Amino acid sequence: GRFDQVMAAFHCLYKWAPAFHGGLSLVSDDNAATVLCPGESVVKVDEHLATGVCGLIPIGQPCREVRTEGLQWNLDGGGLSFGDFISSSNQIVDAGEELRVSVSDPLVLTYELDARKWPAWDSDEIELPVQKLLVQ
């Protein structure tokens, strides 16, 4: 879609994610995105629908500290910000296993979907390809 409309969708994702306790996602035929709220999140991506390619993108503000477990290129506490460093084209080591992400500020997790594996949109049994379990 148009870039301004994509940014409007991310604006809504940021605005409404807290009301859904971080459980709100944007999903297209080949990508999905969710906001990780400050603290630790445990994410399980469906290995049957996702390719494992992912990114951590600081939209709207820098994320001062990011730690990950389960990525090919784990992050060890440094920050992410536009013009400095973002984590794009990363890889979930074992899709279907847990990915742990600890963030100091809201951060977008994106992951690539394999559109060939999606159920028909007219199906009554559509499940999102990510489960996010917030760790207290």
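The values are calculated or read from the model by the stated rules, or taken from the named source; none is laboratory data. Remember, predicted model here, so these are calculated numbers, not experimental data. Cβ sites come from the backbone with ideal geometry, for glycine too, and all protein chains shown count toward neighbours. Quick note on the areas: whole protein, heavy atoms, side chains included, nothing else; ligands and nucleic acids left out. Shrake-Rupley method; radii C 1.70, N 1.55, O 1.52, S 1.80 Å.
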Pull up the range 13-27, narrow it to residues that are free of Cβ contacts under 8 Å to residues at least 24 places away in the same chain and either surrounded by 12 or more Cβ atoms within 10 Å (Cβ to Cβ) or under 12 Å from the mean Cα position of the chain (by Cα) (or both), then point me to the one that is farthest from LYS44 (Cα to Cα).
PRO18
Quick check, is LEU99 open to solvent by less than 50 Å² (accessible area, probe 1.4 Å), within 15 Å of the chain's Cα centre (by Cα) and at pLDDT 95 or above?
no
Hey, GLN5 hits all of (1) in contact with a strand residue (DSSP E or B) (Cβ under 9 Å, 6 or more places away or on another chain); (2) under 27 Å from ARG116 (Cα atoms); (3) surrounded by fewer than 17 Cβ atoms within 10 Å (Cβ to Cβ) but one; which does it fall short on?
(1)
Quick one: in the range 29-40, of everything that is touching a helix residue (DSSP H, G or I) at 6+ places or on another chain (Cβ under 9 Å) and open to solvent by 50 Å² or more (accessible area, probe 1.4 Å), which residue is nearest to ILE59 (Cα to Cα)?
ASP30
